[in-house]
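Presented below is the structure to which this report refers.
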Amino acid sequence: MGLVEMETARYDWKAMSCGCGDTAEHLAPDLLRLAGADPGREPRPVDFEEHVWSPVVLWEPAPAVTSVALAALADDVAPTAREWFLDLLQHMVAGEGTDLASARRGLDLPESCREAVEQGLWLLYREVLSNPSVGAAGAAFEILAVVEADRVRLRRVREIAAERLPVCCRAGLCDDDSRGPG
């Protein structure tokens, strides 16, 4: 069993409310499909908008999905799947609000997702420095720009990986300055 399968199995998806109004149990096979975890099958894109995230809020499964996405970066998934999981992580760390039911229970889903991603910083640095795709390296850098507290380290990786990053990352346009000087 791979890391994605192992991490996906940790969660009681049926007990979570999905943004679509149903339980989140359909998300586990969707995450496995995204990773290409089915033997002999290629990864396939899955749209998690209005299930896990929206432009306004994150829903209850967001921290679990974040954890699975980090496991995918640590696992041996196809390059396209890596990019899809990086895109998913971008949505998780960019979340601004918590769905009403989760907020009533005192959950801050965007903060929970950002804290989870902070635990996987080195996975993101590896993507910036070794992923052959400029888009994937840029996505990883943009995630780091949101969660990395050490702004000096972030600036240093920008210098080291400049030619591997999109212009917006090289120019600092994607930086989240709310972390301070570092």
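Figures for the structure shown
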| quantity | calculated |
| --- | --- |
| Criterion: over 15 Å from L109 (Cβ atoms), open to solvent by 10 Å² or more (accessible area, probe 1.4 Å) and either free of Cβ contacts under 8 Å to residues at least 40 places away in the same chain or of a type in the set (K, R) (or both) - qualifying residue of L32, L70 | L32 |
| Filtered residue count, the stretch 120-144, keeping only those that are assigned to a helix (DSSP H, G or I), surrounded by fewer than 21 Cβ atoms within 10 Å (Cβ to Cβ) and among the small types (G, A, S) | 2 |
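The values are calculated or read from the model by the stated rules, or taken from the named source; none is laboratory data. Note that the structure is predicted; figures quoted are calculated from it, not measured. Because the Cβ atoms are built from the backbone with ideal geometry, glycine has one as well, and the counts that use them run over all protein chains shown. Surface accessibility is based on the protein's heavy atoms, side chains included, excluding ligands, DNA and RNA. Shrake-Rupley method; radii C 1.70, N 1.55, O 1.52, S 1.80 Å.
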